[in-house]
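Take a look at the structure below.
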Amino acid sequence: MIMKTKPIKRNENIMKLSKEHHFSLLFCWKIRQGLKCETATERIIKYVQYFREHHLDAHFREEEKILFSPLKNEWVKKAIEDHKQIKNLLNELPGSTEDNTEKRLMRLANLVDDHVRYEERKLFPHLEKTLSKEQLEKIGKRLDAQQPSPLTDDFEDQFWMKK
């Protein structure tokens, strides 16, 4: 018997971040597909750098400065620690040797994937229960005031497509 999982109902004030998480999961999939297709790692790294500049850095900033600001508990600390690990790995990638680049790319994809799933399945529901309606509305207004993140990925080199 196949069980279908229901989509997670997200508070409208943090929906923007959940939508961005979808793009982060797609980012992970593209890295894994590129590695499976034996794409040159330089091409994948260019994409990783593009995605960081256009999506990840701003997303992490918004979460840390806006969403996490009312609460500094263990749940939030874990998310911030995840962000640090991901950033450290991103910073190490350009200096990787050929031997370990594929492993680092796969580790990056796994780290981002695990992190997004943690936030969506555990942290966000916790925040939705813990924060007041007023706090969530204030967060929503602050997120809306930010530069809108492009929910598109227009990186031209589709390295993840099998030729």
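Numbers for the structure displayed
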{"item": "Relative exposure of TRP29, TRP75, judged by other C-beta atoms within 10 Å (fewest first)", "result": "TRP29, TRP75"}
{"item": "Rounded to 10°, Cα long-axis angle of helix 98-118 versus longest principal axis of the chain", "result": "20 degrees"}
{"item": "Dipole moment magnitude, nearest 20 debye, the stretch 52-113 about Cα centre, only Lys, Arg, Asp, Glu C-beta charged", "result": "240 debye"}
{"item": "Cα-projected label distance for LYS87 with TYR50, points at 7 Å along beta-carbon direction, nm", "result": "2.4 nm"}
{"item": "Expected-Rg normalisation [2.2 N^0.38 Å, Cα atoms] applied to the chain", "result": "1.10"}
{"item": "Point-to-point label distance, THR152-ASP99, nm (Cα→Cβ direction, 7 Å offset)", "result": "4.3 nm"}
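FYI, it's all coordinate maths here, none of it is from the lab. For clarity, every value in this text was computed on a predicted model and none was experimentally measured. Note: ideal-geometry Cβ built from the backbone for every residue, glycine included; neighbour counts use all protein chains shown.
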